[in-house]
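The values are calculated or read from the model by the stated rules, or taken from the named source; none is laboratory data. Quick caveat, the model's predicted, so the values are computed rather than measured. Neighbour counts run over all protein chains shown; Cβ positions are idealised from the backbone, glycine included. Protein only, heavy atoms only, side chains kept; ligands, DNA and RNA dropped before computing areas. Shrake-Rupley method; radii C 1.70, N 1.55, O 1.52, S 1.80 Å.
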Amino acid sequence: MTAYWCEHAWLGDGAVAGVRVVEDDGRIVSVEAITDPAPGDARLPGLTLPGFANAHSHAFHRALRGRTHDRGGTFWTWRERMYAVAARLDPDSYLALARATYAEMALAGVTCVGEFHYLHHPPGGGRYDDPNAMSEALIQAAADAGVRLTVLDACYLAGGLDGSGHLPLDDVQLRFSDGDADGWAARVAGLPGRDGLRIGAAVHSVRAVPAGQLPAIVRAADGRPLHAHVSEQPAENEVSLAFYGMTPTRLLNDHGALAPGSTVVHGTHLTPQDVAALGGTGTSVCACPSTEADLADGIGPFRRLRDAGSPLCVGSDQHAMTDLLVEARMLETSERLETGERGRFRPAELVDALTVDGHRALGWPEAGRIAVGQRADLVAVHMDSPRTAGCAPDQLVMAAGAADVHTVVGDGRIVVSDGQHVLGDVGRLLSAAIEPLWEDA
Ligand SMILES: [Zn+2]
């Protein structure tokens, strides 16, 4: 049992001064307003928020940071670089990279990550002795880094889509595929959930999964989180309209893939009918604003989606940066640029995206709030750093960043203390994992 005295804590929809939070065995057992700490209380200066959920991650994309800007290019040329890295990873190098990537997330306040995972098999196809060896590497990595994990195991079957149908997998993509949705479902069934781990499902995209395979995926997901990349680029809409005569959102809806347990990732280029379908089914939308900016995707209709009924969450996706506070803030700043209006989202709505709604999208309804019975996830943020000094606590989400996070508690365990991760020098871990992937590249 540990008692934390928070100078300010985020309770419900705002900051409260002087709050004592007691955890026992990873759960919050008491929350009370109290002006001064009791002897023996661990003091958390600044503002303590619930743990952050990073609802969309591809851990291996972290190896691409600062490596794709030299020749200009497009989303599609970025993807060629990404495939070059994908072709080099094995379970050992994937473990090292994911462990360091998740540790960097923890430093930024992330206590739970949704890993949209499609790097399943050896290069060229085939199977590892354990067909889930790459998933097991992610699971070990998250446990080592002190971050809870939802494996969003992605079905990936085709090499793309054009007006005449789906294309064969190319040499790199062969390792993503289980052959068909039944083969995918059988492999995923061999990956049981365990403490700190939940298993969800994903449709990589309508480009990579033919519509006829969707019902089997929805059946296998069976109410667990089901995520899909949707309409990140206009080209995806164009090929979907050319081949199916409908948008990706409509296609997913017609096959039962939209529901309150489902999450659409990006949703950047949506028609008004798409927005209505997502909101009407209660489907969550995961915005990845730093990735959408980095890849020149565009700005999604975040406010319209929220108003239509879609809960919003955020993800660092390709990890062009790992700063979930900034991702949440970009929901609002992108809207300002798009509409010429300020205050499209209240700060409390941004905190909800970062915490409770992100956890819900990843299948952890018992996390994301500082309240009795919830998982003991606490993120303490300095309010006296050069970036945050002078801010009102209720508006800190509009100013603070990852560098201001000083203490992170996940499931009652201290993962980050005084800005240091329990694994030590995370920059060194990242360098050691990434540099070998680019040797002779
Ligand atoms: Zn993605």
| request: Label the stretch 42-189 by shape, choosing from rounded, prolate and oblate, from the square roots a ≥ b ≥ c of the eigenvalues of the Cα gyration tensor; if a/c is under 1.5 it is rounded, and otherwise prolate applies when a/b is larger than b/c, oblate when it is not. | output: prolate
| So what's the gap between the Cα centers of the stretch 142-202 and the stretch 242-286, to the nearest angstrom? | 20
| request: Once you have the Cα-Cα distance between Asp70 and Ala276, take 0.36 nm times their residue separation minus that, and quote the gain in nm to one decimal. | output: 70.2 nm
| query | What percent antiparallel are the DSSP beta bridges of the chain, to the nearest 5? | reply | 50
| What percent does the relative contact order of the chain come to when contacts are Cα pairs within less than 8 Å and at least six residues apart? | 21
| field | Relative intensity, log₁₀ I(q)/I(0), of the stretch 352-427 from a Debye sum that treats every alpha carbon as a point, q = 0.14, 0.15, 0.26 Å⁻¹ | value | -0.54, -0.61, -1.19
| request: Take each of the peptides 233-240, 308-315, 370-377, average the number of other beta-carbon atoms within 10 Å over its residues, and list them starting from the highest. | output: 308-315, 370-377, 233-240
| If we sort 131-139, 16-24 on the protection proxy, mean other Cβ atoms within 10 Å, highest first, what's the order? | 131-139, 16-24
| field | Cβ-placed point charges (K, R +1; D, E -1), dipole of the chain about Cα centre in debye, nearest 20 | value | 400
| remark: Note to self, the chain gives a 222 nm [θ] from helices alone (DSSP H runs n ≥ 4, -39500 (n - 2.57) apiece, / all residues, nearest 500) of -9500 deg cm²/dmol
| request: Would you mind putting 405-413, 218-226 in packing order, based on average other-beta-carbon counts within 10 Å, highest first? | output: 405-413, 218-226
| Mean projection of the alpha-carbon convex hull of the chain over all orientations, in nm²? | 20.1
| query | Quick one: if the Förster radius is 25 Å, what FRET efficiency do Glu80 and Gln140 give, using the C-beta to C-beta distance and rounding to 0.05? | reply | 0.25
| task | For the stretch 190-243, report the translational diffusion coefficient in µm²/s to the nearest whole number, using Stokes-Einstein at 25 °C, 0.890 mPa s, and a Kirkwood Rh over Cα pairs. | result | 193
| Karplus couplings for the stretch 25-34 from phi (6.51 cos²θ - 1.76 cosθ + 1.60, θ = phi - 60°), rounded to Hz, Gly and Pro as x? | 6, x, 10, 7, 10, 7, 9, 9, 6, 8
| remark: Phi angles of the stretch 268-282, converted by Karplus (6.51 cos²θ - 1.76 cosθ + 1.60, θ = phi - 60°) into ³J(HN,Hα) in whole Hz with x for Gly and Pro, give 6, 10, 10, 7, x, 5, 4, 4, 5, 5, 5, x, x, 8, x
| message | Probe of 1.4 angstrom, ligands and nucleic acids ignored: what's the accessible area per residue over the stretch 1-75, in square angstrom? | response | 43
| request: Net charge near Gly261: determine it from the other residues with C-beta under 11 Å of the C-beta of Gly261, scoring Lys and Arg +1 and Asp and Glu -1. | output: +1
| note | If every Lys and Arg gets +1 and every Asp and Glu gets -1 at its Cβ, then about the Cα centre the stretch 131-248 yields a dipole, in debye to the nearest 20, of 400
| Relative to the longest principal axis of the chain, what angle (0 to 90°, nearest 10) does the C-alpha long axis of helix 426-438 take? | 10
| said: Please report the spacing between the Cα centers of the stretch 23-49 and the stretch 365-441 in Å, no decimals. | reply: 18
| task | Just subtract the alpha-carbon distance of Ser164 and Asp13 from 0.36 nm times their residue separation and send over the number in nm, one decimal. | result | 49.4 nm
| query | Gln395 to Asp222: extension gain in nm, 0.36 nm per residue of separation minus the Cα-Cα distance? | reply | 58.4 nm
| Long-range HN-HN contacts of Leu44 with modeled amide H, under 5 Å | Trp5, Cys6, Glu7
| Between helix 91-107 and the chain: long-axis angle, C-alpha atoms, 0 to 90°, nearest 10 | 40
| message | If you roll a 1.4 angstrom probe over the protein chains with everything in place, what fraction of the accessible area of the stretch 90-191 belongs to carbon and sulfur, to the nearest %? | response | 51
| remark: Once phi for every residue in the stretch 252-260 is put through the Karplus expression 6.51 cos²θ - 1.76 cosθ + 1.60 (θ = phi - 60°), the whole-Hz ³J(HN,Hα) values, with Gly and Pro written as x, are 5, 5, 5, 9, x, 8, 9, 5, x
| remark: Percent relative contact order for the stretch 64-201, counting Cα pairs under 8 Å at least six residues apart, stands at 26
| field | the stretch 149-191 - convex hull of the alpha-carbon atoms, volume per residue in Å³ | value | 86
| task | Starting from the Cα gyration tensor of the stretch 312-393, multiply each eigenvalue by 5, take the square root, and state the resulting semi-axes largest first in whole Å. | result | 22, 18, 13
| said: Check which residues have an amide H placed less than 5 Å from Gly125's amide H, if you skip close sequence neighbours. | reply: Arg175
| remark: Dividing the mean separation of Cα pairs under 8 Å (6+ apart) by the residue count of the stretch 287-435 yields a relative contact order in percent of 17
